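Contents: one structure, followed by commentary.
The values are calculated or read from the model by the stated rules, or taken from the named source; none is laboratory data. Source: prediction; values computed, not measured. Note that we place each Cβ from the backbone using ideal geometry, even for glycine, and neighbour counts take in every protein chain shown. Accessible surface is based on the protein model in full, side chains and every heavy atom, while ligands, DNA and RNA are left aside. Shrake-Rupley method; radii C 1.70, N 1.55, O 1.52, S 1.80 Å.
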Amino acid sequence: MPAAPEAKYTEETVLWVQRHTPKLMTFAITRPESYRFAAGQFSRLGFRDGEGFIWRAYSVVSAEYAETLEYFVVLIEEGAMSAKFAQLQTGDTVLLDKMATGFLLPERFPDGKDLVMLSTGSGIAPFLSILEQPEIWQRFDRLALVHSVSYANELIFNDRIAALAAHPLIEEYYTKLTFQPVLTRETKAGIPNQRLPALLKSGELARALQLTFTPEQTRFMICGNPAMVKDTFQALLDMGFAMHRNRLAGQIIMENGF
């Protein structure tokens, strides 16, 4: 007999809400003591909706060891879940599926020296979680995080990434990281102004990161809107990289952003 719905989720309290732009928001909820996830995984969050429920997947921004669970949401016009989040306030409740899932995990790579994390929009969320894990800094020689957005005011995590330089578990490794913002609908001095697939094909991204991309040394993780993930994956295939599979080691792991 299947478990009752109540056995599959907990009801958590919203601790804070921050609205960065009319479309971008972050918020945190209480974390049950029993809730476990690996950096890079996502939660299923839900609300009661009439006589039923509405559920969506959102990557966890928090570190694995954090006491609360933080999420980054891009509000979608006429989206049912977005309508719920648009009204979200401190003290409200959110349903949390007890099981985290997802395979955007850097530990799946058996080798490699440089880890390049490519993201658009909310696809940066799992990488923010990954970067708070000291193991990732110890394992790779170089880390690169690329965040592509439409407009400069959507680069809401720049200060958070810079603050890793003073993180007690990470500060000694911080010089390994290169953070590269990208804009696609606005021009700003010093920031590339093309989609990620084009920047890969032209070599501009490698130059900006001061890295040489090779199948022997470079590992790519991709997360963002489906069109970007598809086109970026194809660009990497054309450059001689391959999908990583459990039984066949490659250089690319990807996931559509939540």
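Counting just the Cα atoms, what span does the chain cover along each of its three principal axes? Round to the nearest Å and put the largest first.
Largest to smallest, the principal-axis extents are 53, 41, 36 Å.
Mean-square fluctuation check for the chain, GNM, Cα pairs under 10 Å: which of 146, 74, 182 is largest?
Fluctuation is largest for 74.
Of the residues 128, 199, 115, which exhibits the maximal mean-square fluctuation in a Gaussian network model of the chain defined by a 10 Å Cα contact cut-off?
It is 199.
Springs between alpha-carbon atoms under 10 Å, Gaussian network over the chain: tell me which of 54, 222, 170 tops the mean-square fluctuations.
Result: 54 has the largest fluctuation of those listed.
Which whole-number percent is the relative contact order of segment 161-233 (Cα, under 8 Å, 6+ apart)?
Dividing the mean separation by the residue count of segment 161-233 yields 19 percent.
If you take the charge dipole of the chain about its Cα centre, with +1 on Lys and Arg Cβ and -1 on Asp and Glu Cβ, which of 26, 145, 13 is farthest toward its positive end?
145
Which one, 96, 65, 197, projects farthest toward the positive side of the charge dipole computed for the chain from Cβ point charges (K/R +1, D/E -1)?
197
Please list, in chain and number order, the residues 5+ apart from residue 109 or on another chain whose amide H is under 5 Å from its amide H, with Hs placed from the backbone.
none
Rounded to the nearest 20 debye, what is the charge dipole size of segment 1-107 about its Cα centre when +1 sits on each Lys and Arg Cβ and -1 on each Asp and Glu Cβ?
Details: 10 positive and 14 negative charges, 28 e Å.
Its charge dipole is roughly 140 debye.
Using Cα pairs under 8 angstrom and six or more residues apart, how large is the relative contact order of the chain, in percent? Mind dumping the intermediate values first?
Working: 506 pairs, mean separation 47.6, N = 258.
Contact order relative to length: 18 percent.
Taking θ as phi - 60°, what are the ³J(HN,Hα) couplings along segment 118-132 by the Karplus curve (6.51, -1.76, 1.60), each to the nearest whole Hz, with x for Gly and Pro?
10, 9, 10, x, 6, x, 6, 3, x, 6, 5, 5, 4, 6, 8
Would you pull out the residues with amide H under 5 Å of residue 72's amide H, same chain only if 5 or more places away, H placed 1.01 Å from N?
Amide H neighbours of residue 72: 61.
Taking only C-alpha pairs under 8 Å that are 6+ residues apart, what is the relative contact order of segment 8-100 in percent? Let's see the in-between values first.
Details: 183 pairs, mean separation 38.7, N = 93.
Relative CO of segment 8-100 lands at 42 percent.
Can you give the longest stretch of the chain with no exposed loop site, where a site means GluC sites (Glu not before Pro) in a DSSP loop (not H, G, I, E or B) with at most 13 other C-beta atoms within 10 Å?
On the way: sites that count: 33, 51, 67, 77, 78, 186, 216.
The longest uninterrupted stretch comes out as 79-185.
Would you kindly derive the ³J(HN,Hα) couplings of segment 181-189 from the backbone phi angles with the Karplus curve 6.51 cos²θ - 1.76 cosθ + 1.60 (θ = phi - 60°), listing them in order in whole Hz, with x for Gly and Pro?
x, 9, 10, 10, 10, 9, 9, 9, 4
Of 187, 130, 155, which is farthest towards the positive pole of the chain's charge dipole, taken about the Cα centre with +1 and -1 on the beta-carbons of Lys, Arg and Asp, Glu respectively?
In the chain, that residue is 187.
Zone of residue 227 (label point 7 Å along Cα→Cβ, backbone N under 16 Å): which residues in segment 177-203?
183-186, 194-199
How much net charge surrounds residue 71 when only other residues with a Cβ under 12 Å from its Cβ are counted (Lys, Arg +1; Asp, Glu -1)? Walk me through the numbers before you get to the answer.
Values: positive: 31, 44, 56; negative: 12, 70.
It works out to a net charge of +1.
Using +1 on the beta carbon of Lys and Arg, -1 on that of Asp and Glu, and nothing else charged, what's the dipole of segment 193-258 about the Cα centre, debye to 20? Walk me through the numbers on the way to the answer.
Working: 7 positive and 5 negative charges, 19 e Å.
Around 100 debye, computed over segment 193-258.
Roughly how many Å² of residue 84 are accessible to a 1.4 Å probe, to the nearest 10?
70
Of all the C-alpha pairs in segment 13-68, what % are more than 16 Å from each other?
On the way: 831 of 1540 pairs.
Above the 16 Å cut-off, segment 13-68 has 54 percent of its Cα pairs.
Measuring from label point to label point, each 7 Å out along Cα→Cβ, what is the residue 68 to residue 171 span in nm?
With each label point 7 Å from Cα toward Cβ, the separation is 2.3 nm.
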